[in-house]
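> My questions will all concern the structure given below.
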Amino acid sequence: MNERQSIPMRETLTIQMRQVFPPDTNHHGTLFGGKLMAYIDETASIAATKLARGPVVTASTDSVDFIRPIRVGDVVTIEAMVSYTGKSSMEIFLKITSENPLTRERSIAALSFLTFVALDENGKPTKIPAVIPETDEEKWLNETAIKRAEHRKVRKKESEDLANFFQKVK
């Protein structure tokens, strides 16, 4: 029997840092939500690729919760890690912090979960390694992932039903 390979979650850790400049902000002087979402997708993609060791695609943005505004001049740190794996899909957890580099005040600005799928050379879903949680945070993320996966399945079905409804309305 071919046993599934496993790797520690920490091996997928990806950290990106960016400073917020005026063109990155809205009329409130805070980072555009869409700009942050692009950073989130990019960082999650790198973490997913570290696990899959091949092409990946975003299957869904499961959640992006904006907690605190990110202001001009702040340094944004986006930390991503694969928190759970299925056969070809993986959940990526992201923690986004903002820091005022002058005062060193830091706070969690956003939290996010995305789902990615690994693809083979023909663009079809392919098997990926499992992740092994080691720290308490990693164990919590991994253990609570089943509930989030169930919620994703329900939400996806609802989206498919809605898409079918709109297709018929045409």
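Quick note: the coordinates plus some simple rules give every number you see, no bench work behind them. Only a predicted model underlies this, so the values are computations on that prediction, with no experimental measurement involved. Backbone-built Cβ (ideal geometry, glycine too); neighbour counts: all protein chains shown.
> If you take every DSSP beta bridge whose two residues both sit in segment 6-169, what share of them, in percent to the nearest 5, is antiparallel?
The antiparallel fraction comes to roughly 95 percent.
> Say R0 is 22 Å: what FRET efficiency, to the nearest 0.05, do F32 and V57 get from their beta-carbon distance?
0.40
> Show the residues, 5+ positions off or on another chain, whose built amide H is closer than 5 Å to the amide H of D62.
Here the answer is F113, L114, T115, since their amide H atoms fall under 5 Å of that of D62.
> Starting from the amide H of T25, placed 1.01 Å from N in the peptide plane, find each other amide H under 5 Å away whose residue is 5 or more places distant or on another chain.
Those qualifying (amide H under 5 Å, at least 5 residues apart or on another chain) are F32.
> Picking from N122, N142, N100, which is most flexible by a Gaussian network model of the chain using Cα springs under 10 Å?
Most flexible of the set in this elastic network: N122.
> Follow-up. Grab the other residues whose beta carbon is less than 15 angstrom from that of I132, score K and R as +1, D and E as -1, and report the net.
-4
> While we're on this one: Please identify every one of the GluC sites (Glu not before Pro) in segment 1-101 that sits in a loop by DSSP and has no more than 10 other beta carbons within 10 Å of its own beta carbon. Could you put the intermediate results ahead of the total?
Details: sites: E3, E11, E42, E79, E91, E99; in loops: E3.
Listed in order of number, the matching sites are E3.
> Further question on the same structure: Would you look at the GNM of the chain, springs on alpha carbons closer than 10 Å, and say which of S45, S83, S107 moves the most?
Comparing S45, S83, S107 in the GNM, the peak value goes to S107.
> Once the other residues with Cβ under 13 Å from the Cβ of N26 are scored (Lys, Arg +1; Asp, Glu -1), what is the net sum?
In short, +1.
> Express in nm, to one decimal, how much length is gained between T135 and E11 on full extension, taking 0.36 nm for each residue of separation and deducting their alpha carbon distance.
43.4 nm
> When 1/r is averaged over all different Cα pairs and the result inverted, which Kirkwood radius in Å belongs to segment 93-170?
The Cα-based Kirkwood calculation yields 16.5 Å.
> Let me ask something else about it. What is the gain in length, in nm to one decimal, between I146 and T49 on full extension, counting 0.36 nm per residue of separation less the C-alpha to C-alpha distance?
32.8 nm
> Assuming a strict under-16 Å limit between Cα atoms, what lysine pair count do you get for segment 6-169 once near-sequence pairs (fewer than 8 apart, same chain) are dropped?
10
> Working from the pairwise distances between different alpha carbons, so that the mean of 1/r is found and then inverted, what is segment 6-169's Kirkwood radius in Å? The partial results should precede the final answer.
Details: mean 1/r = 0.0593 Å⁻¹.
The Cα-based Kirkwood calculation yields 16.9 Å.
> Right, something else. Calculate the FRET efficiency for E160 and F66 from the Cβ-Cβ distance with a Förster distance of 22 Å, rounded to the nearest 0.05.
0.25
> Sorted by packing (mean other beta-carbon atoms within 10 Å per residue), highest first, where do 32-40, 14-22 land? Intermediate results must be reported in sequence, preceding the final value.
On the way: 32-40: 16.6, 14-22: 14.2.
Descending packing order for the listed peptides: 32-40, 14-22.
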